[in-house]
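Asker: The following block contains the structure, expressed as structure tokens.
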Amino acid sequence: IIRVNKSNGAVSSVTTPNYSFLGYSGTMKVTPDRITDYKAPSAEEAAVASQAAKRPPVVNYPGDGFREMTKAQWAALPRDCKAVRSVAETEDHGAYRYRRTMDNNFRLVSVYITDMKITEIPQK
């Protein structure tokens, strides 16, 4: 369950991920009369789920070949010209995210925001 939708204090629908057999991602709304078997998560399951839902930190450090810009310049870039990518945890480092944009030759390069504090890649 992603979200419980209420109207006048009563549950009107529940937003859930699409069924996997449908073959596409996204969400769907289910009315309460269609829910037949629901078990609320235990406190332990809820704690594990909330920990798994936390996103890793966004790193910000200077490097060779990085494009340097200010926070205002990053914010001014169009959404289709910038991205924040995720890197999975390995035995050398923890999971993290980093900023990317295109340079003048339309190549993807990492970004260092000069007016933000330096945040290194998390170590294990």
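The values are calculated or read from the model by the stated rules, or taken from the named source; none is laboratory data. A quick note: this is a predicted structure, and the numbers were derived from the prediction, not measured. In this analysis, Cβ positions are derived from the backbone assuming ideal geometry, glycine residues included, and neighbour counts consider all displayed protein chains.
Asker: Please verify whether A72 is at pLDDT 95 or above, surrounded by fewer than 10 Cβ atoms within 10 Å (Cβ to Cβ) and among the small types (G, A, S), treating the condition exactly as stated. Break it down into steps so the answer makes sense when it comes.
Answerer: Values: at pLDDT 95 or above: yes; surrounded by fewer than 10 Cβ atoms within 10 Å (Cβ to Cβ): yes; among the small types (G, A, S): yes.
Yes; evaluated as a whole, the condition is true for this residue.
Asker: For the range 89-104, give me the residue count where each residue is surrounded by 10 or more Cβ atoms within 10 Å (Cβ to Cβ) and under 17 Å from V58 (Cα atoms).
Answerer: 10
Asker: List the pairs whose first member sits in the range 86-115 and is within 22 Å of A52 (Cα to Cα), whose second member is exposed (fewer than 12 other Cβ atoms within 10 Å of the Cβ) and among the β-branched types (V, I, T), and whose Cβ atoms are under 8 Å apart, counting only residues at least 6 apart or on separate chains?
Answerer: Pairs found: R97/V84; Y98/V84; R99/V84.
Asker: Another one. Looking at the range 21-35, is at least one residue within 26 Å of I1 (Cα to Cα), surrounded by 10 or more Cβ atoms within 10 Å (Cβ to Cβ) and among the basic types (K, R)?
Answerer: There is at least one residue in the range 21-35 that is within 26 Å of I1 (Cα to Cα), surrounded by 10 or more Cβ atoms within 10 Å (Cβ to Cβ) and among the basic types (K, R).
Asker: Before we move on, is E89 among the acidic types (D, E) and closer than 30 Å to I2 by Cα?
Answerer: Considered against the rule, which asks whether it is among the acidic types (D, E) and closer than 30 Å to I2 by Cα, E89 comes out as yes.
Asker: Would you check which residues across the range 105-117 are surrounded by 11 or more Cβ atoms within 10 Å (Cβ to Cβ) and within 11 Å of V59 (Cα to Cα) and list them?
Answerer: S110, V111, Y112, I113, M116
Asker: May I pose another question? Pick from Y98, Y24: which is under 18 Å from the mean Cα position of the chain (by Cα) and hydroxyl-bearing (S, T, Y)?
Answerer: Of the residues listed, the single one that is under 18 Å from the mean Cα position of the chain (by Cα) and hydroxyl-bearing (S, T, Y) is Y98.
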